[in-house]
Amino acid sequence: MRSPRPSQRSRSSLFRVGVQLLVLILLAAFVIWCGSNLAQNQSQRGFTLRFDFLDNPAGFTVTETVIPYSSRDTYAKALLVGFLNTLRVTAAGLVLATVLGISVGLGRLSRNWLVRKLALIYVETLRNLPLLLVLVFGYAAVLLSLPPADRPLSLGGLIFLQRQGTVIPWGVPTDSFWVGGGAGLGGMAAAIACLKWLTRRREQQGGLPLFFWGLPLVVLLLPMGLALLYTQGELPLILSVPRRHGTVIEGGLKLAPEFLALLLPLSLYSAAFIAEIVRAGVTAVPRGQREAAQSLGLPGWLVMARVIFPQALRVIVPPLTSQYLNLAKNTSLGVAVGFPDLYAIASPTLNQTGRPVEVLLLLMLTYLSLSLILSLAMNLYNRTLAWEP
């Protein structure tokens, strides 16, 4: 079979480039047409696209805030409070859903019949339910059925469950938090880099003296020790444990029921999809990899952690990115359980200001930016997993 001539290949390449340019031109024309229609409709109704209303007092309170806020603050700060609440749920949800999803996904492949069937029931049940129904059920049937504040349910005297919120132990920052935290993060980064360097040296030389493997620990502890000397022994965090005094619980961190009503069902729901992604990624690894590792006498958990799962990540990460994006966008359903996320705060802002176009544009740009940043981070991580030729 003859290969195409250079002129044919160049014409084919030019044709593809021309089609792409045509599509881009059509998309740009469509966006310009939509913007022109929007501007024309706004002008006919006597409106102009302005965002000066963000400097006006909001006039409403927010039940749960990360930063100080009152009804006298501006709409801009109210939306910022909602955005921070959205970020808080997203970050916590990503961690919980990932840990639970990986655990359930590996449980689907367990040799234990009971573990395998329980994981199957969990996945198939949650994947076939609407997320909104899961949220409402978790709030109405679970959290609202907790005991009142005067009779909280205690778990080991460390965690208190009550209808008004759950109180858990938490670290309280001290004056040396930034110094100690920076030293800890720097030490961790240096220790990871040192560990990677030692691993490469071992692969190149075939082995290293045993005491070399203590270097990452030294690199980790040295900045933290210097930070303690600088702060005269003051720890960056002090553990605050909740204690009950009559009907009052002091100390710890109180998690509002609306926050938990959004976080827990959303994490459980997303974990069901992540579990299937993990199961598919692990089964995509050739069986010979497991058999070769087992022939070396490695235990099962080490085979999974060092041989199977690192190879499965290359298959897992792309669909996992989509689930992360879904989780971030699904936080907007928090309005159904009364959680003051960005969408919930944007609703009264829209009603009071009479600026639906501006508020909706802010919502769209915010969620779009959050999704693009999350997608970029996952794509960069996926690039680090690329196999070397």
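How charged is the neighbourhood of Ile249? Take every other residue with its Cβ under 11 Å from the Cβ of Ile249, and add Lys/Arg as +1 and Asp/Glu as -1.
After counting each charged neighbour, the total is +1.
Sorting Trp170, Trp113, Trp197 on the 10 Å Cβ count, fewest up front, what's the list?
With the sparsest Cβ surroundings first, the list reads Trp113, Trp197, Trp170.
Could you compute the net charge surrounding Asn85? Neighbours are other residues with a C-beta less than 11 Å from the C-beta of Asn85; K and R count +1, D and E count -1.
After counting each charged neighbour, the total is -2.
Mind sorting Phe15, Phe339, Phe160 by how few other Cβ atoms lie within 10 Å of their own Cβ, fewest first?
Phe15, Phe160, Phe339
Please give the length that would be gained between Val172 and Val17 if that part of the chain were fully extended, namely 0.36 nm times their separation in residues minus their C-alpha to C-alpha distance (nm, one decimal).
That pair, Val172 and Val17, stretches by 50.0 nm at full extension.
Identify, among Leu26, Ala272, His245, the residue whose Cα sits farthest towards the positive end of the charge dipole of the chain, taking +1 on the Cβ of Lys and Arg and -1 on the Cβ of Asp and Glu, with the dipole about the Cα centre.
So the residue we want is Leu26.
Output ³J(HN,Hα) for region 51-68: one whole-Hz value per residue in order, computed from phi by the Karplus curve 6.51 cos²θ - 1.76 cosθ + 1.60 with θ = phi - 60°, and x for Gly and Pro.
Each residue's phi maps through the Karplus curve to give 10, 5, 5, 5, 8, 7, x, 6, x, 9, 9, 10, 5, 9, 9, 8, 10, x Hz.
Fewest Cβ neighbours within 10 Å first, please rank Thr65, Thr166 accordingly.
Thr65, Thr166
Under 5 Å between amide H atoms, partner at least 5 residues away or on a different chain: which partners does Leu255 have, H built in plane at 1.01 Å?
Those lying under 5 Å, H to H, from Leu255 are Thr166, Val167, Ile168.
Which helices pass in the chain if a helix is a full DSSP H run, must span at least 20 angstrom along its long axis by Cα, and must have mean Kyte-Doolittle hydropathy not below 0.0?
Span-like helices here: 6-44, 75-108, 113-127, 177-205, 215-230, 257-284, 309-330, 356-384.
To the nearest 20 debye, what is the magnitude of the charge dipole of the chain about its Cα centre, counting +1 on the Cβ of each Lys and Arg and -1 on the Cβ of each Asp and Glu?
Charge dipole of the chain: 1700 debye, to the nearest 20.
Can you check what the net charge comes to around Leu144, using other residues whose Cβ is under 12 Å from the Cβ of Leu144 (Lys, Arg +1; Asp, Glu -1)?
Once positives and negatives cancel, what remains is 0.
Mind checking which lysines have their Cα closer than 24 Å to the Cα of Lys254? Skip sequence neighbours fewer than 8 apart in that chain.
Lys77
Could you derive backbone 3J(HN,Hα) for region 133-147 from the dihedral phi with the Karplus parameters 6.51, -1.76 and 1.60 (θ = phi - 60°), listing whole Hz in sequence and x where the residue is Gly or Pro?
Going residue by residue, I get 5, 5, 4, 5, 5, x, 6, 7, 8, 10, 5, 6, 8, 5, x Hz, with x marking Gly and Pro.
What distance in nm separates the two pseudo spin-label positions at Leu120 and Val95, each 7 Å out from Cα along the beta-carbon direction?
Modelled inter-label distance: 3.4 nm.
Here, each number is a calculation from the coordinates, and none is a lab measurement. Since this is a predicted model, take the numbers as computed values, not measurements. Cβ sites come from the backbone with ideal geometry, for glycine too, and all protein chains shown count toward neighbours.
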